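Coordinate-derived values only; no laboratory data. The model shown is predicted, which means the values in this text are computed figures rather than measured ones. All Cβ positions, glycine included, derive from the backbone under ideal geometry; neighbour counts span all protein chains shown.
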Amino acid sequence: MNKTAIKKRVVGVDISSELTTYAIVDVRGNIIAKDDFPTTDYPEVNGFVTALCERIVGLVELNGGYETIRSIGVSSPSANFMTGCIVNAPNMPWKGVIPLAAMMRDQLGLAVAIANNAHVVGLGEQAFGAAHGMREFVAVTLGSGMGSSIFSEGEVNLGYDGHAGEIGHTCVQLNGRPCGCGNKGCLEAYTAARGIVKTAEEVMSETDEPSLMRNIEKLTPRKIYDCCEQGDKLAIEVFRRTGEILGLGLGNYASLLNPEAIIFTGGIVRAGHWLLDPAKQSFEEHVFHNIQGKVKFLTSDLSESERNVLGASVLAWQVKEYSLFKE
Amino acid sequence: MNDYYNYKTKVVGVDISNDMTTYAIVDIRGNILAQEMFPTSDYVDVNEFVAVLSERIIAMIEANGGYETIRSVGVSAPSANSLTGYIENASNLPWKGSIPMAVMLRERLGLAVGLSNDAHITALGEHAFGQAHGMRNFVVISLGVGVGSCFFSENREHHGNQGFAGEFGHTCVEDRGRRCGCGHRGCLETYAAAKGIVMTAQEMMTALDEPSMLRNLSELSPKTIAECCDKGDKMAIEVYRRTGYMLGIGLANYASILDPEAIILTGGIARAGKWLYEPTKQSFEEHIFGNMRGKVKLLVSELDNHERDVLGASVLAWSVPEYSLFV
Amino acid sequence: MEEVDQIKTRVVGIDIRETRTTYAVVDIRGEIIAQDYFNTLDYPELSDFVNALSERVLTLIEENGGFESVRSVGISSPSGNFITGCMENAANMPWKGVVPLAALLQDQLGMAVAVANDAHITALGEKAYGSAHGMKDFIVVSISHGGLGSCIFTNGQPHLGVNGFAGEVGHTCVQVDGRQCGCGRKGCLETYVSDKGLVKTAEELIAKSTEPTLLSDLEELNIRTITECCEKGDRVAIETFRQVGIMLGMGLANYASVINPEAIILTGDMMQAGKWLLKPMRQSFDEHVFHNIRGKVRLLVSILKEGERDVLGASALAWDVKEYSLFK
């Protein structure tokens, strides 16, 4: 073993409710090798952890060997970086508090860090993407839910208990739409996938105007976007309303934090300017005047398939190396 | 999508050293997309130097993607102060006194310019792409014409109250020892930098009668001495052993005060390989505070010499806020 | 003793408000050595104000230890920006635009001067001498100066944001197309929760009320007088604070959901209302905050005295700026 050099590679793992992806990533963010399997194949968490660890060891042995890997970073829904556990994840098959970091470390003999997706995405954007060089920014994820991570003085700010960034559950409408979290009027109930579909239903019921959307059986944000691209007026209005509320919620956020930029990631961002233009306009209308015109709206350049494992690889560098054998 | 939501992914890294000035376009991942150089000494007038450097940089940018793709510029120069943006009384550059280099370049280029000295720049490069990746507390030592250092504390480089921290080469390792160019006696630099190693060789050749390949060398330099070591020359090996011994003491003192995770050796002299490394490591472990023995890693940079300084300068470029004529 | 170097153990804290400017000499332990004040409005011209303030500060210093005993100066100012040292577009002050307050005073006083807005100052005071002592992640919300400001502390440091404007919770929109705000927009939290917002809510309720209320007999509607009516059981007065509490609770809940602080500390004249405001605020907060945070955030009221808090905070700020001397 080379005693004069550090290990240059880590493993990044992204666990989502459907797919688990794992990759070997080097210090420059080059993905050396990558593979995946359906999370749903393992309804029992012990089976899942064993399968994941076996697969990681297999990939590592084929690509440089075990001694080349420094540590492991894992992205998972409802993960808490401070405790290393998945906590009461509503959309995952395994319930309760799961000490995933410790379980994986025991099987792999390497240090493991775990964090939730918004945190991991922020790290990835700072290392390789739109937030490179920034010390004050917010990374927002828009998909089936809405989350965010706050970066302050160049480091992530998780808050006192590790829960900071729940922008999706700020109230933007007193007694508004019911949200899965139990409250009413949450920002997420308007801007995440289900919220956009609901807005489309509302728009269609308010008028008799024809619309391509009326012919679609199961509306999704993607299909609504396709309608926008074809010039459908009602579809465009759906994203305009969504953008308006999104801009309001983000305007409030920026008035509190005064970030240099807000970085948008997640499936919904593929709606492009249909969503972001009205959002920016609404944002500038609502943000505190001394901050007006100062906050950049940026979209991530990283590809969907890369972003999460790259971010997870950055997380891996932040955990102290582990060894069973004290030197 | 609208360019409005995109960001610039390239910067320019410039390394001004006593003989050569190198400039390159570097992307977010540290890939050098284009690089050129010219002799610093060709331009005795600093205004002319700045004009020529700026013209060359602009030409390179235009030939590689265009002006709008570049975010900012980072510059490494001897005796540069990153807090003030000035080069201050550089002993070996053609231009004397206090030179506002950052402002001069910014006016010509219309881009934000960050300026710092080579020890800081080297540390930035090692942290972003090399042996210090993932560390929060470490020291980078640069061994060349002089001995410089830069240390990071809690992930931030420590500049000190006036920006002069890290003058490790001018710490005293021998009371009433060798005379140093700075005016003091016994500075570490007089033993561990290029001239110091040569002087050690000369002292040995004078004091001892033994034959040695050193006596036949037309040019005595750290490089030629190392080559003699490779050929098994006993005196040459002893030159590096003595050098390593002094260097190890200096490093042990440094570590006893800072408790870093690692000390990383960079610079021309570090290329002497095991001839210098092994006696340094041994002396280091002998002299370090007991509780730290065996815990502080002593690493050697693996970044290519041609790359290291422009890469580090590119990292500096990201840390300076973007410049715009219009506030 | 001359063999070793000494530090200066005193600073000057200045609190500039719309009506009154207070200045004090404060020592390292937060003891106020001497304090005085004058009416800000006596000096509508900026240069006159700066001259008057400087003269008065120098006099106070000379009478209490002399020039050499003071290290630096900290100033609390509406819309003060710590990063630029300027008062920036303060809505309620006589001097408009960007005012380079720190530089102007440094020139006249010959000492380092730092400027910050009152929310930041209040937070510094709470951290050094008050309810936030020992905390690293907290928010201080101050309901005063006619508005609602706040300052976030993360990891023991104030989070000022990239331009120095972070914390403007008073201008977060809590009601689309709501009340008109002095900043130009509608529905800002401040239009419901400041002392002016309180009075407006009271007036609306008095107009709508079918029952008689003590509030209609009041000469002046303000925090103190409305609170007194609450104490006497007046239903409209109680409802006024209840509605303000609901809005405040929701605004704070959103804040907590995104920042997840250890505590939120409330300060300002509005705290005189006591339980009439705090009980509905707490209830609304618990209703609106994200469930993983419910029950985790402490809601506290400042333990520092009104008259002291801002000069103490300004004195804490003074310690943060590097010493300056015309004479190197």
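Computed from point charges on the beta carbon alone (+1 for Lys and Arg, -1 for Asp and Glu), the dipole magnitude for the stretch B:23-153 about its Cα centre is near 400 Debye. Each peptide in C:272-281, B:241-250, C:258-267 receives the mean, over its residues, of other Cβ atoms within 10 Å, and ordering these scores from highest gives C:258-267, B:241-250, C:272-281. Using a cutoff of 8 angstrom between alpha carbon atoms and counting only pairs six or more residues apart, the relative contact order for chain C works out to 20 percent.
Using θ = phi - 60° in the Karplus curve 6.51 cos²θ - 1.76 cosθ + 1.60, the 3J(HN,Hα) couplings for the stretch A:11-21 round to 10, x, 10, 10, 9, 10, 5, 9, 10, 10, 10 Hz; x is entered for Gly and Pro.
Charged side chains reduced to their Cβ positions (Lys and Arg at +1, Asp and Glu at -1) give the stretch A:133-300 a dipole of some 200 debye around its Cα centre. Ordering A:Asn175, A:Thr220, A:Thr199 by Cα displacement along the dipole of the stretch A:133-300 toward the positive end leaves A:Thr220 in first place; charges were set at the Cβ atoms of Lys, Arg (+1) and Asp, Glu (-1).
Between amide H atoms placed 1.01 Å from N, distances below 5 Å from B:Tyr86 occur with B:Asn81, all of them 5 or more places distant or on a separate chain. Return the subset of A:Lys198/A:Lys296; C:Lys8/C:Lys136; C:Lys200/C:Lys232; C:Lys232/C:Lys279; A:Lys34/B:Lys10; B:Lys274/B:Lys297 for which the Cα-Cα distance in this structure is over 19 Å, preserving the input order. Distance filter (> 19 Å) returns A:Lys198/A:Lys296; C:Lys8/C:Lys136; C:Lys200/C:Lys232; A:Lys34/B:Lys10. Mean partner shielding of peptide B:5-18, defined as the number of other chain Cβ atoms within 10 Å of each residue Cβ, is 3. The residues B:Met37, C:Met93, A:Met134, A:Met146, when put in order of fewest to most other Cβ atoms within 10 Å, stand as B:Met37, C:Met93, A:Met134, A:Met146.
The GluC sites (Glu not before Pro) of the stretch C:28-67 meeting both criteria, a DSSP state outside H, G, I, E and B (loop) and at most 13 other C-beta atoms within 10 angstrom of the site's C-beta, are C:Glu31, C:Glu45. Among the trypsin sites (Lys or Arg not before Pro) in the stretch C:75-160, those placed in a DSSP loop whose Cβ has at most 14 other Cβ atoms within 10 Å are C:Lys96, C:Lys136. Dividing the summed -39500 (n - 2.57) terms of all DSSP H runs of n ≥ 4 by the residue count of chain A sets its mean residue ellipticity at 222 nm at -11500 deg cm²/dmol. Which shape class applies to the protein assembly as shown: rounded if a/c is under 1.5, otherwise prolate when a/b exceeds b/c and oblate if not, where a ≥ b ≥ c are the square roots of the Cα gyration tensor eigenvalues? Oblate shape, in that a/c is at least 1.5 and b/c is the bigger or equal ratio. Longer than 25 Å from Cα to Cα, which of B:Lys295/C:Lys322; B:Lys231/B:Lys281; A:Lys7/B:Lys295 are they? Say none if no pair is. Too far apart for the 25 Å limit: B:Lys295/C:Lys322. When you filter the GluC sites (Glu not before Pro) in the stretch A:15-118 for DSSP loop state and at most 11 other Cβ atoms inside 10 Å of their Cβ, you are left with A:Glu18, A:Glu44. Relative to the longest principal axis of the Cα atoms of chain A, the long axis of helix A:45-62 lies at roughly 70 degrees.
Angle of helix C:46-63 to the longest C-alpha principal axis of chain C, folded into 0 to 90 degrees and rounded to 10: 60°. Take every DSSP beta bridge whose two residues both sit in chain B; close to 60 percent of them are antiparallel.
Taking 25 °C and 0.890 mPa s as the conditions, I'd like the Stokes-Einstein D for the stretch B:43-87 in µm²/s, using the Kirkwood hydrodynamic radius from alpha carbon pairs. So the translational diffusion coefficient is about 200 µm²/s. Our summary gives chain B a relative contact order of 21 percent, counting only alpha carbon pairs under 8 angstrom and 6 or more residues apart.
Shielding of peptide B:292-299 by partners, expressed as the average count of other chain Cβ atoms within 10 Å per residue Cβ, is 2. The helix-only estimate of mean residue ellipticity at 222 nm for chain C, built from DSSP H runs of length n ≥ 4 each weighted as -39500 (n - 2.57), is -11500 deg cm²/dmol after division by the residue total.
When the Cα positions of A:Ser76, A:Thr21, A:Tyr160 are compared along the charge dipole of chain A, A:Tyr160 comes out farthest toward the positive end, with charges on each C-beta of Lys, Arg, Asp and Glu. Protection proxy ranking of C:287-295, B:40-48, by the mean of other Cβ atoms within 10 Å over each peptide's residues and highest first, is C:287-295, B:40-48. Share of Cα-Cα pairs in chain A beyond 31 Å, in percent? Distances greater than 31 Å cover 35 percent of the Cα pairs. By DSSP, the beta bridges lying fully in the stretch B:133-302 are antiparallel in about 55 percent of cases.
Among C:Asp310, C:Asp177, C:Asp234, the residue with the largest mean-square fluctuation in a Gaussian network model of chain C, with springs joining Cα atoms closer than 10 Å, is C:Asp177.
Restricting to the stretch C:131-303, what percent of DSSP beta bridges are antiparallel, rounded to 5? Antiparallel bridges make up about 55 percent of those DSSP assigns within the stretch C:131-303. When A:Leu174, B:Leu115, B:Leu298 are arranged by Cβ crowding within 10 Å, least crowded first, meaning fewest neighbours, the order is A:Leu174, B:Leu298, B:Leu115. Considering Cα pairs under 8 angstrom that are at least six residues apart, work out the relative contact order of the stretch A:204-274 and quote it in whole percent. For the stretch A:204-274, the relative contact order is 36 percent. Could you work out the helix-only [θ] at 222 nm for chain B, with each DSSP H run of four or more residues adding -39,500 (n - 2.57) and the total divided by the number of residues, to the nearest 500 deg cm²/dmol? One gets -11500 deg cm²/dmol as the mean residue ellipticity at 222 nm. The phi torsions of the stretch A:282-290, fed into the Karplus equation with coefficients 6.51, -1.76 and 1.60 and a -60° offset, translate into couplings of 4, 4, 5, 6, 9, 6, 3, 4, 5 Hz, rounded to whole numbers, with Gly and Pro shown as x. Computed from point charges on the beta carbon alone (+1 for Lys and Arg, -1 for Asp and Glu), the dipole magnitude for the stretch C:131-303 about its Cα centre is near 520 Debye. Determine the shape class of the stretch B:133-302: with a ≥ b ≥ c the square roots of the Cα gyration tensor eigenvalues, call it rounded for a/c under 1.5, and otherwise prolate if a/b is greater than b/c, oblate otherwise. Prolate, since a/c reaches 1.5 and a/b exceeds b/c. Per residue of peptide B:30-36, the mean number of Cβ atoms on other chains within 10 Å of the residue Cβ is 1.
Note on the stretch C:131-303: dipole from Cβ charges, positive end direction compared against C:Trp276, C:Ala237, C:Ala263; the farthest Cα belongs to C:Ala263. Amide H contacts of C:Phe138: C:Phe153, C:Glu262, each under 5 Å away and 5 or more positions distant or on a separate chain (H built 1.01 Å from N in the peptide plane; Pro and chain starts excluded).
Each residue of the stretch C:264-271 was assigned a 3J(HN,Hα) from its phi angle through the Karplus expression (A = 6.51, B = -1.76, C = 1.60, θ = phi - 60°), giving 10, 10, 9, 9, x, 4, 4, 5 Hz with x at Gly and Pro.
With the cut-off at 20 Å, report for the stretch C:131-303 the share of all Cα pairs above it, as a whole percent. Distances greater than 20 Å cover 52 percent of the Cα pairs. Sorting B:His170, A:His169 by the number of Cβ atoms found within 10 Å of their own Cβ, with the fewest placed first, yields B:His170, A:His169.
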